[in-house]
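Read-outs throughout are calculated quantities, based only on the coordinates presented, and are distinct from any laboratory measurement. Here the structure is a predicted model, which means the values were calculated and not measured. Note that each Cβ is placed from the backbone with ideal geometry, even for glycine, and that neighbours are counted across all protein chains shown.
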Amino acid sequence: MQLTVARIGRAHGLRGEVALDLRTDSAPDRLAVGSRLRTEPAGAGPLTIARTRVQQGRWYVAFEGVADRTAAEALRGVELVVDAPASDEDDAWYPHELAGLRAEHVDGRVVGEVVGLEHSPAHDLLVVREPDGARTLVPFVREIVPVVDVPGGRVVLDPPGGLLASDAANLVVSEETTGTDEQDG
């Protein structure tokens, strides 16, 4: 399986350097000068790292053969990938391990299928396709996703009311009272 190490962001400067959106905890090892990385789409690579630098926590790299801003900008959105075995940690999964898992509610009903994982600043989000085709982003936190059973082919969700598109139709909205009674005068 392929693991995404980073997604190439916008060009930085005029000499072919790009910003990276990291997807790895071992960036110094994966992005060492001379490393040759495959790409997704495959036609954009492979790319060999010519130089790296970190500025204010952000990684910038230059690739061999990418000499100017125009060439660097053409790489925007390309993913740098490596082969990776299945995760051996109890509470860590690669996106490819989660895709295709059945999403079940804690009450036992099937609510959809995991079709991906999106990264956000706060936490990762499971992308769940519900039976009606709705795409729902579910915060990938233990309180909402208490069970991830990759060998069993499922995740269990305990979502707050209204998070799933299928739950929105079942929400009951109560009328609020104003606290004043009209009196006949």
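Between Rg and the Kirkwood Rh of the range 2-83, both from Cα atoms, what is the Rg to Rh ratio? When Rh is taken as the Kirkwood radius, the ratio is 0.91. Computed on the range 2-83, with alpha-carbon pairs under 8 angstrom and 6+ residues apart, the relative contact order is 43 percent. Peptides 17-27, 144-154 ranked from most to least packed, by the mean per-residue count of other Cβ atoms within 10 Å: 17-27, 144-154. Distances between placed amide hydrogens fall under 5 Å for Gly77 paired with Ile8, Gly9, all partners being 5 or more residues away or on another chain.
Once you divide the Cα radius of gyration of the range 95-168 by 2.2 N^0.38 Å, the number left is 0.97.
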